[in-house]
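Following: one structure in structure tokens, then a few remarks.
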Amino acid sequence: MKGRADKGREEEEAPQSVEERYTQWKSLVPVLYDWLANHNLVWPSLSCRDLTVLLMLRPFLADGIASLLVYLCMLITEITDFSPSDGAPSLSKQLTKAASASTFPSRQDDHFVSFNFLELFSVFRQTDGSCPNTLVIANCEIVKPRVAAAQHISQFNEESRSPFVKKFKTIIHPGEVNRIRELPQDSKIVATHTDSPDVLIWNVESQPNRNATLGVNNYSRPDLVLTGHQDNAEFALAMGHSEPFVLSGGKDKSVVLWSIHDHVSTLAADQGDAKSPGSGASNPKPSADGPTVQARGIFQGHDDTVEDVQFCPFSAQEFCSVGDDSCLILWDARTGWSPVVKVEKAHNADLHCVDWNPHDVNYILTGSADNTVRLFDRRNLTSGGVGSPIHIFEAHTAAVLCVQWSPDKSSVFGSSAEDGILNIWDHERIGKMESSAGTKRKTSPPGLFFCHAGHRDKVVDFHWNVSDPWTIVSVSDDGEKTGGGGTLQIWRMIDLIYRPHDEVLSELEKFKSHLLTCT
């Protein structure tokens with residue numbers, strides 16, 4: 001028979017249920033976040049993208065001192081162990097109490113005026129067939145850092161739509177939408193994947209607004225249809241950073257490359273202009289599905305479905321891909337259709353996602369069904385014939401679905417998974433944030449510094465805001481738990497989590513006397 005100590009230890013180590021984890025997360029929203037909008041979707045969505053940001057003026061009020069107290073609570077919890085030895089309440093708990101007791105002014109007060117972000121993003125909705133599938137363009141007002149009062153961001157209803165998210169345009173999409181990617185040089189141009197071999201190109205600015213009517217599938221007409229796959233291409237999709245190139249992977253085990261410019265050049269050729277040599281494009285054929293463009297190149301090297309692709313940030317001719325064959329492959333269109341490097345057994349299971357560091361071209365991230373994220377250096381990809389990552393990041397408890405580097409800091413990235421968690425990592429923190437000797441505080445996995453637990457089922461996609469780099473839009477397939485189709489969230493962690501510790505501690509020192517009076 002197990003003793004009481006063993007039984008107590010088992011209960012202590014028992015994992016939280018999804019609802020327990022979510023309840024705990026929601027109680028900490030005023031402490032963890034500088035901004036959060038929660039939007040319940042009518043139908044499920046598998047993809048979301050941040051397209052552009054505009055600035056506008058609008059008053060939005062907060063109590064500066066009370067908000068700072070909230071930041072202090074989190075900072076102390078994150079970087080210092082204040083567990084008391086005499087049974088007295090911990091300092092972090094005292095600060096939490098002080099912050100919650102602070103008063104916040106109403107939004108009618110006029111002591112503070114700040115800039116807001118008007119963020120334009122897209123989200124796809126998949127229906128049960130009774131209504132057509134749609135691409136929804138929406139905008140969201142996002143308050144700048146250190147402005148929103150804690151009580152405003154923590155009061156939301158999971159079964160309601162956010163008042164900050166407003167639908168701007170609807171495009172009726174032909175078929176379910178599995179992936180969306182925007183053109184970095186012109187974010188109003190987006191590519192979509194559905195359950196077909198083709199890639200669809202849309203100009204979301206010029207496309208007319210449509211109404212989704214029950215039982216009527218009056219599809220919008222894509223601006224371009226990219227052909228070249230021999231089987232369905234459902235998920236792997238990327239667009240070039242420096243040129244208007246499109247990259248795709250599919251069930252035919254191939255990676256296909258197009259240039260949107262080929263459509264423009266062939267139109268010019270039809271009008272009597274000479275066609276540039278080696279363009280690789282065919283004449284566009286107008287149809288009910290839109291004009292078509294053929295591939296510039298079809299690359300063979302995978303032995304199973306290609307799950308994700310990504311361009312090198314500084315070369316439209318170099319790219320990488322991952323697939324269900326557990327391989328990471330690097331390609332160069334200038335050298336032919338075969339792999340430049342093929343990394344066997346990059347993971348211990350199917351690979352689902354890949355991203356190439358936009359600041360350092362040597363670093364590549366991969367995520368897999370083995371629940372891990374791996375960081376590779378392309379200068380030393382293999383050892384003994386198999387993948388040799390620099391580091392393996394372990395915190396997820398289910399398959400990793402999406403990885404993306406931060407657009408602002410070269411060492412920071414995010415990962416989302418079927419466990420409903422979106423983790424934020426910094427590989428430069430590995431080895432630097434270990435607890436002091438003798439402390440009993442449980443340590444986080446190396447490199448992990450923030451865990452977004454606001455979703456209650458698999459987080460299928462997320463995207464960093466390029467103009468406001470610490471703002472993230474994420475979407476989850478948790479409709480059964482929210483009474484809708486899923487959850488869209490736009491959020492930003494408090495800045496005291498990611499700013500340099502010395503800088504933060506210096507700022508906190510200025511409010512030391514005020515904190516002592518509050519506690």
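The values are calculated or read from the model by the stated rules, or taken from the named source; none is laboratory data. Worth saying up front: this structure is predicted, and the values here are computed from it rather than measured. Note that each Cβ is placed from the backbone with ideal geometry, even for glycine, and that neighbours are counted across all protein chains shown. Side chains are part of the model used for accessible areas, which takes the heavy atoms of the whole protein and leaves out ligands, DNA and RNA. Shrake-Rupley method; radii C 1.70, N 1.55, O 1.52, S 1.80 Å.
Quick notes on this one:
- Some residue of segment 281-288 being open to solvent by 20 Å² or more (accessible area, probe 1.4 Å), modelled with pLDDT under 95, among the charged types (D, E, K, R) and more than 22 Å from the chain's Cα centre (by Cα): yes
- Flag for ILE189 being open to solvent by less than 20 Å² (accessible area, probe 1.4 Å), closer than 27 Å to GLY240 by Cα and at pLDDT 90 or above: no
Residues checked against (1) open to solvent by less than 10 Å² (accessible area, probe 1.4 Å); (2) out of contact with any Lys or Arg (no Cβ under 7 Å at 6 or more places or on another chain); (3) at pLDDT below 85:
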| site | (1), (2), (3) |
| --- | --- |
| ASP408 | no, yes, no |
| GLU418 | no, no, no |
| LEU422 | yes, yes, no |
| ARG429 | no, yes, no |
| THR439 | no, yes, yes |
| LYS442 | no, yes, yes |
| ASP457 | no, no, no |
| ASN465 | yes, yes, no |
| GLY483 | no, yes, yes |
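Rundown of residues vs (1) over 23 Å from ILE472 (Cβ atoms); (2) at pLDDT 95 or above; (3) β-branched (Val, Ile, Thr); (4) touching a strand residue (DSSP E or B) at 6+ places or on another chain (Cβ under 7 Å), yes/no style:
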{"site": "ASN362", "(1), (2), (3), (4)": "yes, yes, no, yes"}
{"site": "THR372", "(1), (2), (3), (4)": "no, yes, yes, yes"}
{"site": "GLY385", "(1), (2), (3), (4)": "yes, no, no, no"}
{"site": "PRO389", "(1), (2), (3), (4)": "yes, yes, no, yes"}
{"site": "GLN404", "(1), (2), (3), (4)": "no, yes, no, yes"}
{"site": "SER435", "(1), (2), (3), (4)": "yes, no, no, no"}
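- Residue in segment 352-360 that is at pLDDT 95 or above, more than 23 Å from the chain's Cα centre (by Cα) and buried (at least 16 other Cβ atoms within 10 Å of the Cβ) present: no
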